[in-house]
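Asks: Once you've had a glance at the structure underneath, I'll fire off some questions.
The values are calculated or read from the model by the stated rules, or taken from the named source; none is laboratory data. From a predicted model like this one, the values you see are computed outputs, not experimental measurements. Neighbour counts are summed over all protein chains in view; Cβ atoms, including those assigned to glycine, are modelled from backbone coordinates with ideal geometry.
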Amino acid sequence: MRKFQFLLIAFGFLSSISVAQQKKTKPKLISTYPAEVNRPKLVVGLVVDQMRWDYLYRYYNRYTNGGFKRLINEGFSAENTYI
């Protein structure tokens, strides 16, 4: 009988500890960014396989203003990157 009471008390104690652990609230993160961020409407990722990176600059004068030339001038370019 004493063993049963001990197990019952131990079970109640352990279950109350587990419930206490679950009730902790996460701290609220305060953002330093403004409420409205200017985000682009479209993000384009271009990966060219089987084309050497120096061709982008070798044939630069042949590109039109709205195509590769715009991507080179206004976009992000990672040269000499090995994947």
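Asks: Considering each residue of region 40-80, count those that are polar (S, T, N, Q) and in contact (Cβ under 8 Å) with a residue 24 or more places away in the chain, and give that number. Walk me through how you get there before you give the answer.
Replies: Filtering region 40-80 down to residues polar (S, T, N, Q) leaves 50, 61, 64-65, 73, 77, 80.
Pick out the ones that are also in contact (Cβ under 8 Å) with a residue 24 or more places away in the chain and you get 80.
Number of matching residues: 1.
Asks: Which ranges mark the helices (runs of 4 or more DSSP H) fully within region 1-75 that have 2 or more residues being under 32 Å from the mean Cα position of the chain (by Cα) and at pLDDT below 70? Write out each step before concluding.
Replies: Values: elements: 2-22, 55-58, 68-74.
Of the helices (runs of 4 or more DSSP H) lying wholly inside region 1-75, those with at least 2 residues that are under 32 Å from the mean Cα position of the chain (by Cα) and at pLDDT below 70 span 2-22.
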